[in-house]
1. So which of Phe66, Phe34 ends up being under 25 Å from Ile130 (Cβ atoms), touching a Gly at 6+ places or on another chain (Cβ under 8 Å) and surrounded by fewer than 18 Cβ atoms within 10 Å (Cβ to Cβ)?
2. Condition first: closer than 17 Å to Glu148 by Cα and over 11 Å from the mean Cα position of the chain (by Cα). Can you find one or more residues in the range 25-37 that meet it?
3. Is there any pair with a first residue in the range 115-143 that is under 17 Å from Ile75 (Cβ atoms) and in contact (Cβ under 8 Å) with a residue 12 or more places away in the chain and a second that is crowded, with 17+ Cβ neighbours inside 10 Å and aromatic (Phe, Trp, Tyr) whose Cβ atoms are under 6 Å apart and which are 6 or more apart or on different chains, and what are they?
4. Pairs only if they're at least six apart or on different chains, beta carbon under 9 angstrom, first in the range 86-98 and free of Cβ contacts under 8 Å to residues at least 12 places away in the same chain and surrounded by fewer than 18 Cβ atoms within 10 Å (Cβ to Cβ), second not aliphatic (A, V, I, L, M) and not in a helix (DSSP H, G or I); list them, first residue then second.
5. With the structure loaded, tell me whether Thr17 is surrounded by 21 or more Cβ atoms within 10 Å (Cβ to Cβ), more than 18 Å from Ile151 (Cβ to Cβ) and in contact (Cβ under 8 Å) with a residue 12 or more places away in the chain or whether it fails that test.
Amino acid sequence: MHILKLFAVIFLSIAVTRYLPHPPNFTSLVALSFYIPVVFGIIYIPLVLISFVITDVLIGFHNILFFTWGSTVIIGLFSRLFISSGLKLRITGALTGAVLFFIITNFGVWLTGSYGYTIKGIIDCYTMAIPFFGYTLISTLMFVIIIEIIIKITKTKLIYQGF
């Protein structure tokens, strides 16, 4: 039953931040992709991915789906390097996950040919994506703070209860 509750929390977190009106790329996805494996283990990466896929089914598919989904998995695998890290390193790791998301997904955009298959095209592609990256960084930081507060409260409760 634990896994169903966790899946529900992940799905609702992703769905709410994707469906409610928001600036582009302002979601909990990167923070969850980073923290779920750190807190619960690498075997829970599929829960984040499945939640993301379900919300994409409802929102509609796009031509860089495998780059967005793939970045979720890569961020989750990357996050394992930060399991025993302190707060500052976890925040740095999560923000690095946002950078990975930016690099991977915009490479996918460039591969669609929208900007041309030239050096200028790839530079233009990444340049045009910078405003979206700002939203990704801000949302990732905001959700990281929320997750860290939840972790702190949960640990404090467990200590208080004698666990």
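Where a number appears in this text, it was derived from the coordinates with a stated rule and is not lab data. Here the structure is a predicted model, which means the values were calculated and not measured. Neighbour counts run over all protein chains shown; Cβ positions are idealised from the backbone, glycine included.
1. Answer to the selection: Phe66.
2. Of the residues in the range 25-37, the ones closer than 17 Å to Glu148 by Cα are 27-37.
So of that shortlist, the ones also over 11 Å from the mean Cα position of the chain (by Cα) come out as 37.
Yes, that holds for at least one residue.
3. Once the first residue is under 17 Å from Ile75 (Cβ atoms) and in contact (Cβ under 8 Å) with a residue 12 or more places away in the chain and sits in the range 115-143, its partners that are crowded, with 17+ Cβ neighbours inside 10 Å and aromatic (Phe, Trp, Tyr) give Phe133/Phe102; Tyr135/Phe26; Ser139/Phe26.
4. Going by the 9 Å Cβ cut-off, the qualifying pairs are Thr92/Ser85.
5. So Thr17 does not fit the description; no.
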